[in-house]
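So the structure is just underneath, and the comments pick up after that.
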Amino acid sequence: MKYKVDAVIFDFDGVIIDSGADIAHAVQHTLQKFNRPVLAVDEIISYTGHGAEYLVRQSFKGSSEELILEALPAYKKYYLENALVETTLYPHVKQALEVIKRNMDHKIALVTNKPENIARKILAGLDIADYFDAVLGPESVKKMKPDPEGIGKVLAAFRIAPKNAIMVGDSHTDVEAGKNAGTYTCGITGGLGNKAELIASSPDFLIDDMAQLLEHLE
């Protein structure tokens, strides 16, 4: 099925970028810094998708509130400085962005739970910043995904109705945010999100590769 839209809204981690290793290493570094047990990469990645504070709180479970409040800025600082060590674009992302932006003339937005300064640094470092008409992170909303606030703000800025937009994400959080906002939803497998939870959230369609997204857009 083809979806006639004017805007494509993407999640970031697990969709545009394969960033799990750099996120996990930043958390491991922070755990070591505060003499906490170092967690495995897979466990840390399972805590992603809900913002930096949630990630740190889950990784520092059992720690005092005071320690967590110290660890959070330490994590953000280290991750900002080391966000592009192993992070890469997923296959066919740049080509898909080029077609959506240049050929289809659609608006493109990033609505992420990642801090905006880190997101913008990665977009610039991977040479895809120019494709995005809007970048919105947790600093710009009162409630992060799955709340629809971020998507709503982007659509209002674009003056585009929800029924003319699609949200693309790798987790149930993204699908729920899109549904709550009234957009179409696309789930992409193989990202950082839990695949079973993604499927259970019932997006309008599922893809395994970004190139497949183009087959569903007009």
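Any read-out appearing in this document is the output of simple, stated calculations on the displayed coordinates, not a laboratory observation. None of these values were measured; they are calculated from a predicted model. Cβ placement follows ideal geometry from the backbone for every residue including glycine, while neighbour counts extend to all protein chains displayed.
Quick look at the numbers
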| quantity | calculated |
| --- | --- |
| The chain, helix-only ellipticity at 222 nm - DSSP H runs n ≥ 4, -39,500 (n - 2.57), divided by all residues, nearest 500 | -12000 deg cm²/dmol |
| Mean separation of Cα contacts under 8 Å (6+ apart) over length of region 20-81, as relative contact order % | 39 percent |
| Three-way shape call for region 158-218 based on the alpha-carbon gyration tensor, with the a/c threshold at 1.5 | oblate |
| Length gained when the stretch ASP127-ALA156 is fully extended (0.36 nm per residue, less Cα-Cα span) | 7.8 nm |
| For region 105-182 versus region 1-68, the gap between their alpha-carbon centres in whole angstrom | 17 Å |
| Relative packing of peptides 7-20, 109-122 - highest average C-beta neighbours within 10 Å first | 7-20, 109-122 |
| Cβ crowding within 10 Å averaged over residues, with 142-148, 44-50 ranked highest first | 44-50, 142-148 |
| Cα-based shape type of the chain, given that a ≥ b ≥ c are square roots of the gyration tensor eigenvalues and the cut on a/c is 1.5 | prolate |
| Eligible lysines near LYS195 by straight Cα distance, threshold 25 Å, same-chain separation 8 or greater | LYS2, LYS61, LYS94, LYS114, LYS143, LYS145, LYS179 |
| Approximate spin-label separation ARG120-VAL38, in nm, with each point projected 7 Å along Cα-to-Cβ | 3.3 nm |
| Relative contact order, percent, the chain [alpha-carbon distance under 8 Å, six or more residues apart] | 28 percent |
| Choice from ALA161, ALA124, ALA83 with maximal GNM fluctuation in the chain (Cα, 10 Å cutoff) | ALA124 |
| Tensor-based shape of region 20-81 (alpha-carbon gyration tensor, a/c under 1.5 rounded, otherwise prolate or oblate) | rounded |
| For the chain, built as a Gaussian network whose Cα springs stay under 10 Å, the top-fluctuating residue of LEU192, LEU97, LEU39 | LEU39 |
